[in-house]
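S.K.: My questions all concern the structure below.
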Amino acid sequence: PPQVGQSHAMTANLASRPLARLPPEVNRTLYVRNLPFNVSSEDMHEIFGKYGALRQIRLGTTKATKGTAYVVYEDIYDAKQACEHLSGFNVANRYLIVLYHQSGKATQSVERRAAETARLQREHGVSGTQT
């Protein structure tokens, strides 16, 4: 039964969700690449809005960011569904690349680990490739 102040719809929605923990990279913000340069905000809402309520869409406008966008969902599960279903989706003969947005700290951490791995490989005379 629903708690005081909680609707039946909200209870049903929560009950239908899987209890498994989401991978740590999953978040509400998606980074989209390989968009057609002429894609509009309306096009993006039509494509990504099918998977849930959107909080924000930011299309790249500079020479370096054109063809990219950030899509922010209200709900993390909607973002997960969109990422899973729209990766590889064809828009105007371009296949979308949809990734979870990673903060600068996460990227720096990955770069730091890669540099440390390369240093250890040199130090120990191994290539890092499997035979």
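S.K.: Could you give each residue of segment 116-125 its phi-based ³J(HN,Hα) in whole Hz, using Karplus coefficients 6.51, -1.76, 1.60 with θ = phi - 60°, and x for Gly or Pro?
M.R.: 5, 4, 4, 4, 5, 5, 5, 4, 9, x
S.K.: Below 15 angstrom from the Cβ of Ala115, what's the summed charge of the other residues (Lys, Arg +1; Asp, Glu -1)? Kindly include the intermediate steps, with their values, before the conclusion.
M.R.: Working: positive: Arg112, Arg113, Arg119, Arg122; negative: Glu111, Glu116, Glu123.
With Lys, Arg at +1 and Asp, Glu at -1, the net is +1.
S.K.: Cβ under 13 Å from Val32's Cβ, Val32 left aside: what net charge do those residues give with Lys, Arg +1 and Asp, Glu -1?
M.R.: Numbers: positive: Arg33, Arg58, Lys66, Arg94; negative: Asp43.
The answer is +3.
S.K.: Taking 0.36 nm per residue of separation and subtracting the Cα-Cα distance, what length does fully extending Ala64 through Gln102 add?
M.R.: Answer, rounded to one decimal: 11.8 nm.
S.K.: Using only protein heavy atoms and a 1.4 Å probe, report how much of Ser103 is accessible, in Å² to the nearest 10.
M.R.: Rounded to the nearest 10, that gives 60 Å².
S.K.: Here's a follow-up. Determine the per residue accessible area of segment 25-87 with all protein chains present and a 1.4 angstrom probe, expressed in square angstrom.
M.R.: That works out to 57 Å² for each residue.
S.K.: Determine the sum of side-chain charges near Ala64: Lys and Arg each +1, Asp and Glu each -1, restricted to other residues whose C-beta is under 15 angstrom from that of Ala64.
M.R.: +4
The values are calculated or read from the model by the stated rules, or taken from the named source; none is laboratory data. Treat the numbers as computed from the prediction; the structure is a model and nothing was measured. For neighbour counting, all protein chains shown are included, and Cβ atoms are generated from backbone atoms with ideal geometry for every residue, glycine included. Calculation scope for accessible area: heavy atoms of the full protein, side chains included, ligands and nucleic acids excluded. Shrake-Rupley method; radii C 1.70, N 1.55, O 1.52, S 1.80 Å.
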